[in-house]
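Below is one structure, written out as structure tokens; comments come after it.
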Amino acid sequence: APSERAFLKDFESGSATDAEAAAEIGRSFRDAGYLMDPHTACAVSTWRKLGGVDRERPCVVLSTASPFKFPASVCRAIGLGAEGDEVATARALAAAAGLALPASLEALPGLALRHRDIVGIEGLETTLRALVGLSPRTRP
């Protein structure tokens, strides 16, 4: 119903390319010393394209991801190489930003590998059914 959607007039949306997000991560780190994750960078880039600080309405961007979850992408965006494994790359990122690597990531190399299967799309349903204890589906 129209009245149920009236609140949508206060919302806008947009998108950002990978290159735009990377540029935003670089800008944020260079200009403010803030290490931004790619999801937040997409939001801020979109905000800028929609008018940024020159807008009449306020904008709220909630950063919900860690840049350490995407160390290679964030390293490249701030001009660092992304060599080695993900943990080594995350350590380099933390050092460049003057931050401590989260303890949960620092502990990763010492943990046992729990999942080794790689399943293609064609085997996904069968694998998932087996993991949750369902019998294979029979098709007519």
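The values are calculated or read from the model by the stated rules, or taken from the named source; none is laboratory data. As the structure is a prediction and not an experimental result, all values here were calculated from the model. Every residue, glycine as well, gets a Cβ built from its backbone with ideal geometry; the counts of neighbours run over all protein chains shown. Just the protein is used for accessible areas: all its heavy atoms, side chains included, with ligands, DNA and RNA removed. Shrake-Rupley method; radii C 1.70, N 1.55, O 1.52, S 1.80 Å.
Results, tabulated for the structure shown:
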{"read-out": "By average C-beta atoms within 10 angstrom, highest first, the peptides 88-100, 36-48, 111-123, 3-15", "value": "36-48, 88-100, 3-15, 111-123"}
{"read-out": "Listed residue (C75, L99, V44) projecting farthest to the positive dipole end of the chain, Cβ model", "value": "V44"}
{"read-out": "J(HN,Hα) series, the range 68-80, from Karplus relation 6.51 cos²θ - 1.76 cosθ + 1.60, nearest Hz, glycine and proline x", "value": "6, 6, 10, x, 5, 5, 5, 4, 4, 5, 9, x, 9"}
{"read-out": "Mean Cβ neighbour count within 10 Å, used as a protection proxy, ranking 79-85, 54-60, 16-22 highest first", "value": "16-22, 79-85, 54-60"}
{"read-out": "Accessible solvent surface per residue of the range 79-129, calculated while the other protein chains remain in place, 1.4 angstrom probe, Å²", "value": "75"}
{"read-out": "Cα-centred dipole magnitude for the chain, charges only on beta-carbon of K, R (+1) and D, E (-1), debye, nearest 20", "value": "280"}
{"read-out": "Contour excess over end-to-end distance, with Cα ends at S63 and L131 and 0.36 nm allotted per residue", "value": "21.2 nm"}
{"read-out": "In order through the range 42-52: 3J(HN,Hα) via Karplus (6.51 cos²θ - 1.76 cosθ + 1.60), integer Hz, x for Gly, Pro", "value": "4, 5, 5, 4, 5, 4, 4, 5, 8, x, x"}
{"read-out": "Formal net charge of residues neighbouring G79 (Cβ-Cβ distance under 15 Å; K, R +1; D, E -1)", "value": "0"}
